[in-house]
1. Can you give the net charge of the other residues whose Cβ lies under 12 Å from the Cβ of S129, counting K and R as +1 and D and E as -1?
2. How much mean residue ellipticity at 222 nm does the chain get from its helices, if each DSSP H run of length 4 or more adds -39500 (n - 2.57) and you divide by all residues, to the nearest 500 deg cm²/dmol?
3. Please list, in order along segment 68-76, the HN-Hα scalar couplings obtained from phi with the Karplus expression 6.51 cos²θ - 1.76 cosθ + 1.60 (θ = phi - 60°), rounded to whole Hz, x for Gly and Pro.
4. Karplus couplings for segment 205-221 from phi (6.51 cos²θ - 1.76 cosθ + 1.60, θ = phi - 60°), rounded to Hz, Gly and Pro as x?
5. How far apart, in nanometres, would the label points at D195 and S224 be if each is projected 7 angstrom from Cα along the Cα-to-Cβ direction?
6. Residue-wise, which Karplus ³J(HN,Hα) couplings in Hz belong to segment 18-34, taking 6.51 cos²θ - 1.76 cosθ + 1.60, θ = phi - 60°, and x for glycine or proline?
7. Would you mind ranking D80, D120 by Cβ crowding within 10 Å, fewest neighbours first?
8. Highest mean first, what order results for 157-165, 225-233 on Cβ atoms within 10 Å?
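A short reminder: the numbers here are calculations on the coordinates, not readings from a lab. What you see is a predicted model, and the numbers here were worked out from it, not measured in a lab. Ideal geometry is used to build each Cβ from the backbone, glycine not excepted, and the neighbour counts take in all protein chains shown.
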Amino acid sequence: MAYIIAVANQKGGVGKTTTTVNLASYLASKGRFVLLIDLDPQANATSGLGIDHRQLERGLYDAVTGQVAFRDIVVPSNVDHLKVAPATAALAGAAVELVNVERREFRLADVLLEVRNDYDYVIIDCPPSLGLLTINGLVAADRVLIPVQAEYYALEGLSQLISTIDLVKEHLKPEIEILGAVLTMFDKRNKLANDVLLELQKFFPNKIFGSVVPRTVRLAEAPSFGKPIMHYDPWSQGARAYEKLALEVMDLEKTI
């Protein structure tokens, strides 16, 4: 069965989708079969892998609302061994439509049962909020990976996210745990960035990934070309950081 990781942070602009796309791509490059689930109605993870969500006839919305089988929405990406359950504009309405649906927090987990044996990893890109879609992502996941931007305000709200994960653990998914936090947009010349790293240790003792993702233009450019960094600039600092992160995740899985 696939090992399912939700990439979550309710604060936008912290490198969440960049982390999702590049972690999934590097896991696939290591020969693992990977499914990326784009749970964000903005569909940035979908477009970041070269898939035009505006041209899709169906997507994740159609699966979680029970209109089509999950396997029927999955599409190939431009990375070998990596497939995508894409978001479309319709996904924005799912949070409203699912409010009165039975097992509304379990919709993603339930439909994922159809394909879970097809993959080694499922990586979920959660929306930048703590709404029903993100709760679905957390309930479906085995572990949560939290990207944290190396800026002061990025630490605000982490307590709320941790509280939400604790509530999911208590009431919906007892097995869920935090896999760890990864520092993104890091500038080692900036003293504040180093202070944030120290502060992060208080939130996640012994759960900070050694991989630190730098702030680079190349990482910011890659999505506009519909490519992960491993295809856009494989020798860049950002590429090396995400490859290292993928290796760390694979090592952690062995200990779980």
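1. Taking every other residue near S129 into account, the sum is +1.
2. Details: 11 runs with 97 residues, N = 256.
Counting only the DSSP helices, I get -10500 deg cm²/dmol.
3. Along segment 68-76, the couplings run 9, 5, 4, 4, 6, 9, 6, 10, x Hz.
4. Each residue's phi maps through the Karplus curve to give x, 6, 10, 9, 5, x, 5, 10, 8, x, 7, 9, 5, 5, 5, 6, 7 Hz.
5. Modelled inter-label distance: 3.2 nm.
6. 4, 5, 4, 4, 7, 5, 4, 5, 6, 4, 5, 5, 8, x, 8, 8, 10
7. D80, D120
8. So the peptides 157-165, 225-233, ranked by packing, come out 225-233, 157-165.
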